[in-house]
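Throughout, read-outs are computed from the coordinates displayed, never taken from laboratory work. Treat the numbers as computed from the prediction; the structure is a model and nothing was measured. All Cβ positions, glycine included, derive from the backbone under ideal geometry; neighbour counts span all protein chains shown.
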Amino acid sequence: MKRQVFIAHAEGEQAEAEKLAKRLQKAGYEVAHYGTVLVGESIVEAAQKVLEVGGPVVICATVRAVGTRWAHRIANAARTSTHGHVFVVQMEEEAFVESISLGEKVATWWKDPAAAARQLLESLQRYYPLTEDSAAAALLHDAERRYRQLALEACDIINLSNLPEGERYIATRKLELRRLYVPLRVKVAVPSEDELSQARMEALERQREAWMSGGAPTDLAQERFPVGERLARSGRLVVLGDPGAGKSTLLRWLATAYILRLKEDVEWKDLPDIATLPAREWLPILIRCRDLDPRTIGGPLDDVLRHTLRKSEMSEEESESLRAVLRHKLAEGQALLLIDGLDEISETGARIRFCEQVEQIHRAFPAAPIVVTSRIVGYRELGGQRIGRGFEHVTVDDLSPEDKDDFVHRWCAVTEPPERRATTVQEFIRDIHSTDRIEHLTGNPMLLTTMALVKRKVGKLPRRRADLYWEAVQVLLNWRSAETEDPLALWEALPQLEFLAYAMCERGVQRLRRDEVMRLLDQIRDEYPNLHAVRNHTPDQFLKLIERRTGILVESGHEKHLGMTVPIYEFRHLTFQEYLAARALVERCFPHAPMLPLAKYLAPLASKFEFTESPEPTIRWTTNWPEVLRLCVAICLNDDVDKALLAILEPLPGENPELTTSMRALQAAACLEDEPNASDEVARKILLRLTSQIESHNENEIGTWGWQRMFSPLWETRWAGELMRSFAHEFQRRDPIARSFIWEIWHGYYVTWSTPGEEPSRVNFTPYLSSLSASDDLEVITAARRLSNTRWHSAGSLQSIDGDVLVALVERGGAVSDAAARTLSSLWFMDAPNPIWRPTPAQVERLLSVLDTEAVDVGAAIHLMNFLGRYGVRAAVAPIISRLKHDEPMVRREAATALGELRDARALEPLLQSTRDTEAMVRQEAATALGKVAEPAAVGALHAMLQEPIHTVRAAAAGALCAFQGPEARAALRDAAKDPIEDVRREVLWRLSARKSPDDAELLVLFLDDPYMRVRCEAARSLGSMRERMAVEPLLDLLRQRRAPLNDDDFIPMSNRGHGFFAGPFMDERLPLVEAALALGEIGDQRAIAPLRAIHDEVDAGVRPAIIHSLGMLGGGCTIEWLLPMLQAPESPIQLAAAEALARLGDERGRELLLQKLASDSAQERTSALELLAGLYQKHEVDLRLLLIFEYRETVFMDPAEVVDEARLQQLLEQMEIAPDEARRGFEALTQRIPLKLKWQLQA
């Protein structure tokens, strides 16, 4: 069989082409090139003819050849060719060939002509074999190449043709997913060895509903993982998430990454998050469930593959030949099966059958990795028929603030002209973090992209939420308009969506069945005959269009109704439902709407409350009306604003004002946050009403509309000054004890002392000090509160004041005295090297005189005692002791606290009497104070207090006992260690750990047997840090124990779960074992070597790295030989731990392996190796701060594969306060021990 090859070369370079041609001819190919044929024909035309008939073209790539247009025109022709191929031979080293190689391997003739010829022949044989037997294989190879090409085009291209009109800069461009993709993170819902229970599924659904409703996530401490890391560990994943969470994009990214890897594309290593993927040569097979027909869903794998291949525009012949190839690759674990959108199989029975088919595929092809995606709602409906054991279930996490910033940089890089890019990045990042609500919205990738499109259209994200939501709604309605010839007009969609949104809010739901939606769409046509645009489509047509072609209303699942499974619909996010319902109110476009003034609609809606009597009387909003009303006030006509606000504020006839006044005041004040065009008179009335409702006892009644959260946004509005006076008025009229809650709520206002560019040290206090002399008490109280906030500025950054005016105000009495005393107490604080106020002896004497006066204001007395105790004024002991008999418990408690600060023996007897006070809070503070006074005579009383019925008092007594030594105190602490309440035991443990006395080791050992896991962990950690040898046997006993799994209430914060690498990715009964093993290493007693080696083989693999580490710390003659085989262990953590232990023992093979792991394909391995290498050095040898990064609630080690550049230096300045020059010198010193890539050295 003869095959003709065409060689394309630059004019005048046929000599080199001849040399190449002879090698091809010798192998059996017929060769033509520009110097031998094609008279009168251009080289491009000749090459195109060869490609059109599916033939091979070889380009001799010299500097001259690739510098001309013909080589690139040939490469472009090959891109559109179905079967033709271009092969590049790099004839000269300087020839740039990446742009014409099309991802194929390039033969380097300049380096080794013989090797280049062999490589070219291998490639030609693969596509154009010379024997009949290999022709069939070539067809298969060709079909696979075409499949990869089509898959890459389908997965890697993003269509942005739906951008706002006029965005021709980017709307006509094809953007690659690899440029925009922000890596997602997932949380493990159910490990692969467990079944996904209905209870766990319902918990996931509750989390989802909380997010949709604007609530905070409930699993903040759960670890986030890269998808690739979970895929590497389990091999099969079910990825669950909400609409727009990025599930489909995730699969497209996986497909793109592995296709580029197979092509050996030079850009593969630049893909985001690529290092987290398993380093395998997988061929991705992407199956979209929405594309499958009913027969395929219920059929065998071959039918699914055939349908998928035909859908991707493969020919029948190619599809048939490829099916066998794909099955073979699945069997060998060489293909990655990606199944997208399980929930998009609408019929539940069919969805269940397809789940069974997926499980069957797993059983038939156990080596094949599989990733399935589904919405949480659609997956929950499957009940007990979900995909079972062998599949790890993970949920897509919200984008973190860092993820969003990454998206902004990527987005602006492809959508903004270079001259605008940097400015736009800064503005966009500031905008998406500007408010909690926008921060929450943009946690969803689709809604973040929506915000990006809004910014492109408007220029910046609108400050007013109503304006922002209006722009976002327009973008979502236009989401897929470019893909259809029948776009959905805005004024057709908007009234119908408003009608639906209002009906959902009225019913208190976020979802409607399809039949309910259809009835409402019929209803709007009946009730609003003049809305002609809504009749452009039938209700059925409109619903299909709005769900398929927009991003605002989505089919979110199915439910049983009248014996049938029917679809249910919801808005993409609750925010859009609320905004559209507000528009419905303003435009009077809702079911059965009477023609009334807007205020008449709002007054009853503002009273949609629910009352409960058990366990205590509470009141809360029953629906989403608060946000709807707030948006309604923001978008209504100016003439309606005051009337609308008063309708919301004032209770209706028949309402119980005692129950509804505070709720209405909160709602009206929330409306002011958006700065509607309200009059100052109405705003003042609302703010006075609101502050009058502040009560510490009803904090729980307002739920998430807590006082601090309520007032914080109001400080940034035009009514901040009125709010200040409202707080001052309320502070003045309250009794002294009730003032404290007002003062604390008021603390939410942080004064911006300096104007932009002004040095903080030059702040002028004169206006505020002048106001302290005003005749208006409200102005005086406001000025004092403003001054008190300076305590929260960095110490020494503000000028000092003499305090005489404030001392005089303390002497004045009443609420003014209280405010002044609080301010003085705030202005002097112990730890500041340069306090704002330093009291003079005369001022201290005056304050003592006020305290010793019977008529002193109770609030002032409390804060004077606070200051005098912290300032150490011994002359205050007597007047403070006298306050221990005061009628007010808060005064007695503060007196006990102050006496503890003064540490004066004269307070012993009075404090002992206070341990029998009628109020628990006084007894608690008295116990704490006795621990500070530290008189041995108090031990007996404190021991007796361990029998207190209230555990907080017992905890205070136990903590105080830790201040004493001796047999009596030790016996009391032994009793405290057996307390039934964990908080009491932990108080003792914490105190003993802090004082690090060898005499306490016996007591600390008791806690190793505590029923709570976190207590056992802390005890082991403390004993290790004390290096207490008597703890060796108890720690070994702990390692030998087997305990029940973690209880729900036995939660350990991420920051307390072991030591970095050795903690492992778990939160269960293994943690105390890890801590015990690490403690034994710290103690350094060689008696532990033999038991540790024996225990090593008995414990879970997750615990072994800690044992290996400790054996490395302990040494021992036979340890090296025992460790060496572990360098070949299948578990990476064990390899790394063994390498670290060997390095500690002086065996260079361990250090060499750690250095090798710095270049691993796994980011986890690289960062772990860096952590362990850094741990081999003393603190003065390696500055660990340079290697750490604060990332999404935790501190992690940097990736050693990343280049240290100016951005990293800036990050260290922001996170660690290390100056760039210092950091640069530190990194240069580090590279002498640990190989890191420093950009400035690479450039040099």
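For the peptides 994-1003, 70-79, the ranking by mean Cβ contacts within 10 Å, running from highest to lowest, is 70-79, 994-1003. Compared with the direct C-alpha span, the chain from Arg1225 to Asn677 gains 191.6 nm at full extension, assuming 0.36 nm per residue. Label-to-label distance, Asn76 versus His592, with points set 7 angstrom from Cα along the beta-carbon direction: 6.6 nm.
If you build the convex hull over the alpha carbons only and average its shadow over all orientations, what do you get for the stretch 69-127? Give it in nm² to one decimal.
Spelled out: convex hull of the Cα atoms, projected over all directions, averaged, 4.1 nm².
What is the extension gain from Gln947 to Leu659, computed as 0.36 nm multiplied by their sequence separation minus the C-alpha to C-alpha distance, in nm to one decimal?
99.6 nm
Compared with the alpha-carbon gap, the fully stretched path from Asp776 to Glu1206 is longer by 149.3 nm at 0.36 nm per residue. In this label model, Lys111 and Ser712 are separated by 5.7 nm, measuring between points 7 Å along each Cα→Cβ vector.
Report the calculated FRET efficiency for Gln965 and Gln1215 (r = Cβ-Cβ distance, R0 = 35 Å), to the nearest 0.05. Result of the calculation: an efficiency of 0.25. With a Förster radius of 51 Å applied to the C-beta separation of Asp515 and Val53, the computed FRET efficiency comes to 0.30. The stretch 527-546 and the stretch 1191-1244 have Cα centres lying 60 Å from one another. Treating each Cα of the stretch 4-130 as one equal point scatterer and applying the Debye formula with no solvent, the log10 of I(q)/I(0) at q = 0.09, 0.11, 0.22 Å⁻¹ comes out as -0.20, -0.31, -1.48. Under the simplified labelling scheme, the Glu1098-Glu18 pair shows an inter-label distance of 8.2 nm, with each label point 7 Å from Cα along Cα→Cβ.
When the P(r) is computed for the stretch 310-370, the part past 15 Å accounts for 61% of the Cα-Cα pairs.
I need the peptides 627-634, 1088-1095 ranked by packing, meaning the mean over residues of other C-beta atoms within 10 angstrom, with the highest value on top. Before the final figure, lay out the partial values.
Working: 627-634: 25.4, 1088-1095: 18.2.
Output ranking for 627-634, 1088-1095: 627-634, 1088-1095.
Kindly list the residues of the stretch 453-471 that lie in the label zone of Val414, defined by a backbone N under 19 Å from the point 7 Å along the Cα-to-C-beta vector. What the label zone holds, given the 19 Å backbone N cut-off, is 453-457. Here r is the Cβ-Cβ distance between Ala331 and Lys544 and R0 is 51 Å; the resulting FRET efficiency, rounded to 0.05, is 0.80.
Residue pairs exceeding 20 angstrom between C-alpha atoms, taken from Lys19/Lys111; Lys105/Lys1157; Lys187/Lys247; Lys269/Lys1237; Lys263/Lys329; Lys269/Lys1239: Lys105/Lys1157.
Per-residue packing, averaged as other Cβ atoms within 10 Å, sorts the ranges 925-931, 8-14, 1014-1020 into the order 925-931, 1014-1020, 8-14, beginning with the highest.
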